[in-house]
Every structure is written in C-alpha cells, then in structure tokens.
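Presented below is the structure to which this report refers.
The values are calculated or read from the model by the stated rules, or taken from the named source; none is laboratory data. Treat the numbers as computed from the prediction; the structure is a model and nothing was measured. So basically every Cβ, Gly included, is an ideal-geometry build from the backbone, and we count neighbours across all protein chains shown. Note: areas computed on protein heavy atoms with side chains; ligands, DNA, RNA excluded. Shrake-Rupley method; radii C 1.70, N 1.55, O 1.52, S 1.80 Å.
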Amino acid sequence: MSLQGKNILLGITGGIAAYKTPFIVRLLVKEGAHVRVIMTEAAKDFVTPLTLATVSKNEVLTSFIIESKEKLQKLNWNNHVEIAKWADYILIVPATANTLSKMAFGTCDNFLTAVYLSADCPVYFAPAMDLDMYRHPSVSESFKKLESFGNVMIPAGYGELASGLVGQGRMAEPEEIVEFLKNDIQSKLPLRNKKMLITAGPTYEAIDPVRFIGNHSSGKMGYALAEQAALLGAEVTLISGPTHLKPSSSSIKLERVTSAQEMYEVAHQYFENMDIVIMSAAVADYCPSEIADQKIKKKAQEMQINLVKTKDILASLGSIKKNQFLVGFALETENEIENAKSKLKKKNLDLIVLNSLRDEGAGFQADTNKVTLISKDNKITPFAVKPKEEVAIDILEYIINHA
Ligand code: CTP
C-alpha cells in the first residue's frame, strides 16, 4: 500500500507529543503524500508553524482569518470546506481530550474542528494524554462516540508519560502511526486480495521485418483501468500491446507483447489464477498468413497480402472460465446494444463494455470515453462522456458490486 499522491490533512492539537509531528510529516512526504497542516492555537506552544511549513512544503493553517500586514479590506480567509474536500484522509495527531470531546459533540470553535465537521473522508486520531485523563470515563465516551461515527483511533501506547507517571496515554510513535494508516487503508480497499488481468493497446501483426498491420488504439483505457484497479487494492497484471504509455504505479506487473498470438499466450499463462479479467485491448482480427523473412521489395503495381484470422483471446478465455469475472469490450458503429449483447453471449462474458463510434468523445486516442455496460442478465447501464480515469472507476465500481 502506498500513500503516493494522497492528500493528507494533519491536524495538530496542543499536547507535548506535538513535538513529534514534524517526523510524521517527513514520513508521509517520503511516501509521496501531499501534506497540509492545521494547528490549533495551543499546538503552537509545543511546535512551531515554521517547522511544519518547512517539512510539509505548505503554508500551515491556524485560523479562518489570514493575517496580512497590509490589513487588506478584501475577503481574506481560509475556506474550511475547500480544505476538507481536498483531503483524502484526515489525521489528528496528537488528539487531546479537549479536541476529541469537541469532535464527539460537534463543537466548532476553531478552524480544525470546522474542517473536521466539513469532511467526508476517513478520519484517524491518535490520542495522547496523561494516565488519568486517558482513562477518564468522559474521554472513553469521546473515543466510543468517534468510533461510532466511523473515525479510527490509533491507540496510545504504554510507557513513561510527560508527568513522570507510567501507563497508557503515550502517543503512538511516528513510524507506528504511518504504518497504522497504511495498513488500515489497505485493509479497507475494495479490491484487496483480488488478482486482476487487464489487456491494453493494439497488436501489431508483422508483414515482414519492417512492416506490420496495426490499429490506432492508444492503450489509454486499459492503462487507466490498471492504474485505478491498483489504487483500489488489486494485484494487477497488465498485458500491453505496443504503446508509449508506462503504468504510473510500480505495483502493476507489466507484460509487453506485440502480436495477437503473443497476447493470447501470455493471457493464457495468467488466466487460471485470476479473479477478474478485463480485455480492453484492440486485438487484430486478422494477421498475415506468412511473415516474409526479408523486407518485401516493391515490384508489381499491385500486391496482395493473404490474411488469416487471429485467435479470439477473449472467446478462448470465456470457453475455459471457472470463477473468473470476465469482461470484454465492444466497439460498434451500428446496432450497438444488440451486437454487444450477442458478443457477450457468444464469448461467455459476465460484462461487456460498449463503446459506440457514433458517440462524440468515445473511442481510440481520445482522453475521454463514453461507455454503456451490459451485464449477462441484460442489465444496461449507460454513462456520460468522461475522462478515461473516471470511466475506469465506473467500470471497476460496477465489477466490485457485481463480481
Ligand atoms: N478480442 C480478443 N481477441 C481477438 C479479437 C478481439 O480478445 N482476436 C477481444 C477484445 O479485446 C474485446 C472484444 O474481444 O474485448 C471485442 O472485440 P471486437 O473486435 O469488437 O469484436 P469481434 O469479436 O472481433 O467482432 P467484430 O470485429 O466482428 O465486431
């Protein structure tokens, strides 16, 4: 599980453990996360905003009003809603009894609690307080209430406390907090423990050592599916025909192939152990019956290339499928729904993704696509034109709910 590209909002409240928060920011930034920090007034007594701004590479937010030397007349405030919506995760560290109680009861008297109430992302809190405070029934009530809202507690550890007392209340160490966050996110991803095979791009069918028959598929749809599936926790193998694209996630296993026959062989190598298989490649339907050993010289005015059918990879997987959820693509220009339905049946699929070339914003090369999903029980779900990343999410969400 990687925090690469995630937006993490760190809320720091006023406890001595606040002095450890720059280390947490460093660890999150090292993981590739974007970090923004909100501090309460009390937190500033324990660690400086300058330190946190430096390590997070972002201005630290402390209040609604942005203080400016010129005392500008114009509206100059931090928008708590905008910041709450920016966050993929909120981490309140250290979480004092005071702030936890405010969060539990909806008290909204500072910037951090306003952001907390405006957020709809997962919230984690790492309590830190002295022994008797930690076990006070009112604090236990706050823990329970917050957990009943779906907030996740990163439990305090046992050890020597700032007061000199020994017991529970010591904030988890920075490394433990970041590990906890990563493990918890991973354990909740909808495609965790799922093995997925995705094909993408065109295939090139060689005519001679320098020429081939190909198509204009860019591979963008298949790569977007692979990337989004990996973000949702799947273990992804991507079989890609020739494209210039590279998967952005290092967790995607990439198998590059050139021809339909190679794609067929590699797909069959992996198929048995897969849970979900999506064939979005634009596989050539025909290939030259023979590949010339040497470059073909131009001679006659006309020439013929004899073509033979390639193996239909999708149909062959459909014929041997056991528990795999098998998804195909159909690119149609007329009688779209009927043609797609008959492909779904003929190739024994669970779902077919229909692209119509009659739809604007759909098809090869574009950054957008417009799809209609047709399930094996004939349920038809159309979607609007969207960027391919969002189309990928729609397709994967459908699979998550139906596989
Ligand atoms: N496909 C495949 N192997 C092939 C041809 C197609 O696996 N040799 C897969 C594609 O990856 C896609 C689906 O089959 O998921 C639909 O491909 P398409 O070319 O639209 O359909 P065909 O069955 O080839 O029918 P037609 O060309 O007549 O529309």
Being touching a strand residue (DSSP E or B) at 6+ places or on another chain (Cβ under 9 Å) and open to solvent by 30 Å² or more (accessible area, probe 1.4 Å) is the filter; apply it to the stretch 362-377 and report the residue that is nearest to the ligand (Cβ to nearest atom).
Phe364
Residues that are surrounded by fewer than 22 Cβ atoms within 10 Å (Cβ to Cβ) and not in a helix (DSSP H, G or I), drawn from the stretch 88-109
Asp88, Tyr89, Gly106, Thr107, Cys108, Asp109
If Ile380 satisfies all but one of (1) in contact (Cβ under 8 Å) with a residue 40 or more places away in the chain; (2) within 13 Å of the ligand (Cβ to nearest atom), what's the number of the condition it fails?
(2)
Single condition Lys30 does not satisfy, out of (1) over 25 Å from the mean Cα position of the chain (by Cα); (2) open to solvent by 60 Å² or more (accessible area, probe 1.4 Å); (3) closer than 17 Å to Glu175 by Cα:
(1)
Could you tell me which residue of the stretch 46-87 is modelled with the highest pLDDT, considering only residues that are among the charged types (D, E, K, R) and part of a helix (DSSP H, G or I)?
Lys85
